[in-house]
Structure formats: C-alpha cells, structure tokens
Amino acid sequence: MKNFKDAAHLFRLAAVFLVGFVVFLVVRSFLVPRSFGRYGHYRANAIAEIAALPISYAGHQACTDCHSDIVEVKSKGVHKGVACESCHGPEAAHVQDPGSVIPAKLDTSLLCPRCHEVNIAKPKGFPQVETAEHSGGAACNTCHQPHSPAIGTGGN
Amino acid sequence: MDITRRRLLILLPAAAVAWKYVLAGTPEAAPNYHMSEHWWAMLIDIPKCIGCGSCVRACQLENHVPDGYFRTWVERYHVDDWQMEYPKVDSPDGGKEGFPASKETGGKNFFVPKLCNHCADSPCTQVCPVGATFITPDGVVLVDQSYCLGCRYCIQACPYGCRFLNPETKTANKCTLCYHRITKGLTTACCEVCPTGARQLANLKDPNDPIHEFLKTHSVQVLKPYMATGAKCFYAGLDGSVR
C-alpha cells in the first residue's frame, strides 16, 4: 500500500464527483417529465394532449343523423360526394347545441364560384362557368338548388 | 381501521403503482383508439383537384392557424412543354380563396395540394435538440408545444417547407394530420371538406382501406423521393415538374 500513501486528496475529489453525480440525478428526475422516453425520445403524454384538442368540423355522419332528408336529396345529385361542411363550414358547435347555434345562410353567388369559376388549371371534365356572363351576377340558387344542382331536379 | 404492519406491506406496492400513474398523468383522450392498429398516410389525386382552397380554409378553422401561415396549401403549376424543368408556380395566400384567372394559356396547368408528408424517416424529428418533435407509433409527426424551444432547426430541415414558427406561441407548428380528429374516428378537416375527393386519409395497416386497391391499380409518387424521407403523402398523377 506504499503507492496509496498520500491518496486522501483523491478520495476527497472522488467524493465531490459522487455528490455532483447524485445532485445531477436528483435534479434530472425533477426536470425530465415522467412520460419522456416511453415510446422514444419525446414526452409520450404530448400525443394524448394533442389527441384531446376540440374539433370544429363535426363530420358528415353527424349531419346525416338529423338532416337525413337533405342528405337523401344530395345523394341523388352530382353533389353526392360533397360533404355538408364543405359549403356550410365547421358545425361542431351546432351539433353540440342545435337549438342556439344556428348556421348562417350562405350566399351562393360567393360560394359556388369558388369551385365552379373557370380556371385553366382545373380538370377539363369539371363543370366550370364564367359567372359574370353565365348569370350576370344573379345568385346561383335563383335557378340551381345547391343540394341537387341540375336544373329542374327540385332539390332544396 | 388500524394500520397494521401486514396491511401497510400490502398497501405499499399498490400505492407505488397508483403513484406512478398519478405522476405520469396519462390523459386518455380516445379510449377505443389503439395506436398499434394504425399507420396513417394520405392519398392525393392531382387530376381531381380543382383548386377551390376548401382544404386550406378548413385547416385554418379547425387548427386555428394564424393568417399568412399554412399547414396545408395549394399550388398552381404552369408548365410549358419545352421547359419542364422551369414550371411557373403561384399560390396566392396559399390558395385559400381560390385562384384568379391565369395569365398563361396553353401548356400544362394543374393544382398540387401540399401538406406535411408525415415521413417515416423524417429529417425534422432527427434534428430537434430537445425531443419536442417526434413520429408517433401510428405514423404522425407531431410537435410537443410545451417542449419546443422555438430554435427553428426543424423548419430548416424539412425538405418540403411544411413547418413554420407560430408567431403567437413562438414554437414550431405544422400539420398534425388532424390527430385530434383521426383518433376519434373522423377524417382530417381537409379530407372532410374536399368536394372532389382529391384528398383521402388512409390507414395503411387496415387491409380493408380503399387505399390498397388504389395503390395496386394506379401509379403513385411521393414528393422528392431522392431525399429518402419515407414520405407518406402519395400523389397520383404527379407531374415530373413538381418540386
């Protein structure tokens, strides 16, 4: 043990390192969230927090539950693939409280051209009109019923 | 009730297990949803896109995206036959209010909807220094808003330009593939409102998902395949000029 004759300062240094390491472990256990690392190098609870955010668009099924008559008309026309909220906007609040949250009436002269105004980049088979010359500014629902837009189909 | 030594010894392990869950604070948002049964992707059928901008508006309303920033947007391409390498691209306000009449005539013209590709090997998650962005076990790239430092590293790393710094929260923000909707059995807001079905959410782990039939019978492509990001937005009818 001759070589370790004056080694006391080394043990003191080791003790300082050990205390530092323990402090590091204690501080780390407070700073790193509990769910960190459950699936990977991230906080697993963030997944559930994002999943718990509220929705604005209720989804087509929610509309069908109450407005089956209009969905029936729509399903027979060319707009059968268009979801209700595509035109009417987000209605989750209306689904939650149908009595007091009443969806606004839509202005077809603004709404319809978003899809049906002529544009060179649109697919060639898609029905497009130049609204200015097609209707002269009249609202589209003067002639077309939006839920089944072919003339004379009697939709609403 | 007296706490005997026997009772205490029985209670302690139970309390330890309960305390672990208290600390983890697992918020169970969707009890019937199992991450292991899903691997999310999106199918974008370019010949069906009419550039109406419904998806962009719906995304902003659903996810409260600030004006001037986009989690999804639509680009209009104009490609002359003789210079495919130099397409003219415009996207006024992300295509949110549709597209004005084009000045171009002739050539090839089409719309390309874009969003986060939810890459299986995403560059953005690899560069995050704090583990604030990650891919979930069901294949959605998300940002932990309470953990993000706002260093913008991921914004530079994304080869598709799909990320931005939210000016309100000063944290990185991006498409969540409407994770709060798809875990509740709904489709994404953009797919919900798309009037022509140009965008479709797909679960690659579900053998009955219509995407499998589509992928078998159509030629599909991902954006920038040479980046080897494992992108999961599959584009049908994608022109070679699209970047």
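Here, each number is a calculation from the coordinates, and none is a lab measurement. Since the model is a prediction, treat every value here as computed from it, not as a measurement. In this analysis, Cβ positions are derived from the backbone assuming ideal geometry, glycine residues included, and neighbour counts consider all displayed protein chains.
Key figures for this structure:
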{"quantity": "Nearby aspartates and glutamates by direct alpha-carbon distance to residue A:74 (threshold 15 angstrom, same-chain neighbours under 8 apart not counted)", "calculated": "A:65, A:85"}
{"quantity": "In order through segment A:4-19: 3J(HN,Hα) via Karplus (6.51 cos²θ - 1.76 cosθ + 1.60), integer Hz, x for Gly, Pro", "calculated": "9, 4, 10, 9, 4, 5, 5, 5, 5, 5, 4, 5, 4, 4, 5, 4"}
{"quantity": "Expected 222 nm ellipticity per residue - DSSP helices of 4 or more, -39500 (n - 2.57), all of chain A, to 500", "calculated": "-13000 deg cm²/dmol"}
{"quantity": "In order through segment B:49-65: 3J(HN,Hα) via Karplus (6.51 cos²θ - 1.76 cosθ + 1.60), integer Hz, x for Gly, Pro", "calculated": "6, 9, x, 7, x, 4, 5, 5, 5, 5, 4, 5, 6, 5, 10, 6, 7"}
{"quantity": "Built amide H within the under 5 Å cut-off of residue B:235, gap 5+", "calculated": "B:44, B:221, B:222"}
{"quantity": "Residue list for segment B:46-84, given a label point 7 angstrom along the Cα-to-Cβ vector of residue B:220 and an amide N cut-off under 13 Å", "calculated": "B:46"}
{"quantity": "Other protein chain Cβ atoms within 10 Å, averaged over every residue that makes up B:223-235", "calculated": "0"}
{"quantity": "Separation of the residue A:102 and residue A:15 label points, Cα + 7 Å toward Cβ, nm", "calculated": "8.2"}
{"quantity": "Euclidean distance between Cα centres, segment B:89-146 to segment A:20-92, Å", "calculated": "18"}
{"quantity": "For A:70, A:47, order by how many other beta-carbon atoms lie within 10 Å, fewest first", "calculated": "A:70, A:47"}
{"quantity": "For segment A:60-142, the spread of Cα positions along each principal axis, largest first, Å", "calculated": "41, 23, 22"}
{"quantity": "Estimated inter-spin distance, residue B:37 and residue A:7, nm [label 7 Å along Cα→Cβ]", "calculated": "6.2"}
{"quantity": "Amide proton proximity set for residue B:108, modelled H, under 5 Å, gap of 5+", "calculated": "B:79, B:80, B:81"}
{"quantity": "Unit charges on C-beta of K, R, D, E only; dipole of segment A:1-134, Debye", "calculated": "1340"}
{"quantity": "Neighbour-count order for A:43, A:34, fewest beta carbons within 10 angstrom listed first", "calculated": "A:34, A:43"}
{"quantity": "Interchain or long-range residues, amide H under 5 Å from residue B:164's placed H", "calculated": "B:173"}
{"quantity": "Estimated FRET transfer efficiency when R0 is 51 angstrom, pair residue A:71-residue A:24 (beta carbons, to 0.05)", "calculated": "0.25"}
{"quantity": "Quarter of the Cα convex hull surface for segment B:127-230, i.e. its orientation-mean projected area (nm²)", "calculated": "8.3"}
{"quantity": "Net dipole in debye of the protein assembly as shown [+1 Lys, Arg Cβ; -1 Asp, Glu Cβ; about Cα centre; nearest 20]", "calculated": "1920"}
{"quantity": "J(HN,Hα) series, segment A:46-51, from Karplus relation 6.51 cos²θ - 1.76 cosθ + 1.60, nearest Hz, glycine and proline x", "calculated": "4, 4, 5, 5, 5, 5"}
{"quantity": "Translational diffusion of chain B, µm² s⁻¹ [Kirkwood Rh, Cα pairs; Stokes-Einstein; 20 °C; 1.002 mPa s]", "calculated": "107"}
{"quantity": "Rounded to the nearest 20 debye, dipole of chain B from Cβ charges on Lys, Arg, Asp, Glu", "calculated": "700"}
{"quantity": "Cβ-based net charge around residue B:196, under 14 Å, with every Lys or Arg adding one and every Asp or Glu removing one", "calculated": "+4"}
{"quantity": "Residue among A:32, A:48, A:13 farthest towards the positive dipole end of segment A:2-51, charges placed on Cβ", "calculated": "A:13"}
{"quantity": "Set B:108/B:224; A:105/B:108; A:124/B:103; B:88/B:232; B:96/B:224 screened for pairs whose C-alpha atoms are more than 28 Å apart", "calculated": "A:105/B:108"}
{"quantity": "Among A:82, A:70, A:60 the positive-end extreme of the charge dipole of segment A:60-142 (Cβ point charges)", "calculated": "A:82"}
{"quantity": "Relative contact order of chain A, pairs being alpha-carbon contacts under 8 Å that are 6 or more residues apart, as %", "calculated": "18"}
